[in-house]
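The values are calculated or read from the model by the stated rules, or taken from the named source; none is laboratory data. Values in this document were obtained by computation on a predicted structure and should not be read as measured data. Backbone-built Cβ (ideal geometry, glycine too); neighbour counts: all protein chains shown.
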Amino acid sequence: MKFSVVIPTYNRRETLATVLPSLINQDFPKEEYEIFLSDSGSNDGTAELVHELNAPNIKFIVGENKGRGGARNRGIRMAQGEYILFTDADIIATPSLLSEHARFHEENPRCAVVGCEVQVDSLEEYNGVREDPDLFRTLHPESRKRLSWLYFLTGNASAPRKDLMDVGMFDEDFTGYGHEDLELGYRLEKAGLPIFYNPRATNFHWHPVSFEEQCQKMKMAGVSTVRFYNKHKDPRIKLLMGWNPLSLAWFNLLSPKGSLYKSFLEKARHQKRGEFFYELICQHHYLAGIHEALEKGTEGTK
């Protein structure tokens with residue numbers, strides 16, 4: 001078995017109805033990969049969907065809800081593949097996703113590979129852009145070759161199963177939103193695993209997020225940043241993740257009770273992700289999460 005695809009899920013039947021067929025219909029030999037759908041107790045008919053698909057290489061495993069890290073660890077432990085490919089229940093694969101990850105692993109023994117995760121807000125957008133790379137909304141330029149742990153994002157990432165086991169897999173103390181994947185990437189890099197970027201290993205993240213939801217996620221990510229730093233005490237974590245005296249001073253200056261914050265918030269509500277005021281307010285929520293975790297102390301960041 002060459003690859004084990006690991007997908008954490010909880011009540012995502014609607015998106016899985018599109019995602020799972022995209023993984024079943026890969027141009028990679030079917031006998032060389034398996035798909036672990038690691039469910040944390042869904043009650044929306046996910047099990048029935050898997051039964052309807054009747055795909056021999058889908059393995060449906062159910063366990064206690066220990067967050068995305070816990071769900072992925074269940075898949076890693078049961079996997080038979082030499083490599084683990086991580087993706088999510090709302091991410092649609094291109095037919096060559098596995099082949100492209102396999103190609104990089106063959107060319108670069110003992111490495112991690114991060115693919116190109118394209119953001120789309122709807123199936124209509126996905127259908128409109130999937131054949132035209134010029135329309136892709138991506139994080140990295142195609143020319144980028146290597147990445148740091150800061151970009152080990154498990155919507156489209158693979159690594160040797162042995163190395164994942166050797167470094168202890170995902171830290172299940174990261175039960176909230178954010179950074180359980182970056183923290184694993186940090187440990188893989190420290191263990192000597194280079195992280196390569198393959199822009200041809202493409203999938204599409206179909207997850208529209210409201211402004212309010214994004215602000216909430218950013219606050220939880222701030223809490224996770226403090227847990228990440230407290231675990232390793234590496235100053236680079238603070239530096240690379242936007243946690244410094246200047247950013248915290250800006251946070252204190254922009255009080256939610258003040259007129260300036262309210263003005264920025266109103267403008268942000270009318271903008272899209274990536275635009276100035278939208279990102280400014282989201283960053284403020286991220287720093288609020290850091291501030292909250294620091295006030296509570298280490299135990300408050302679990």
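Number of residues in segment 141-159 that are touching an Asp or Glu at 6+ places or on another chain (Cβ under 9 Å) and without any contact (Cβ under 8 Å) to a residue 40 or more places away in the chain: the value is 1. With the requirement that a residue be surrounded by fewer than 18 Cβ atoms within 10 Å (Cβ to Cβ), free of Cβ contacts under 8 Å to residues at least 40 places away in the same chain and not in a loop (DSSP other than H, G, I, E, B), what does segment 22-39 give you? Answer for segment 22-39, where residues must be surrounded by fewer than 18 Cβ atoms within 10 Å (Cβ to Cβ), free of Cβ contacts under 8 Å to residues at least 40 places away in the same chain and not in a loop (DSSP other than H, G, I, E, B): 24, 30, 31, 32.
Only one entry of 222, 192 meets the criterion of being within 16 Å of residue 150 (Cα to Cα), of a type in the set (Gly, Ala, Ser) and not in a helix (DSSP H, G or I), and that entry is 192.
Being surrounded by 14 or more Cβ atoms within 10 Å (Cβ to Cβ), more than 26 Å from residue 174 (Cβ to Cβ) and not aliphatic (A, V, I, L, M) is a condition met by at least one residue of segment 53-76.
Taken as a whole, the structure places residue 181 among residues that are among the charged types (D, E, K, R), closer than 24 Å to residue 40 by Cα, in the same structural domain as residue 122 (by TED's automatic domain parsing) and crowded, with 18+ Cβ neighbours inside 10 Å. Beta carbons closer than 7 Å, at least 6 apart along the sequence or on distinct chains, pair a first residue in segment 215-242 that is in the same structural domain as residue 287 (by TED's automatic domain parsing) with a second that is among the polar types (S, T, N, Q) for 223/301; 226/301; 227/301; 230/298; 230/301; 238/244; 241/225. For segment 119-149, filtering for residues that are within 30 Å of residue 192 (Cβ to Cβ), surrounded by 12 or more Cβ atoms within 10 Å (Cβ to Cβ) and either at pLDDT 95 or above or over 20 Å from the mean Cα position of the chain (by Cα) (or both) leaves 3.
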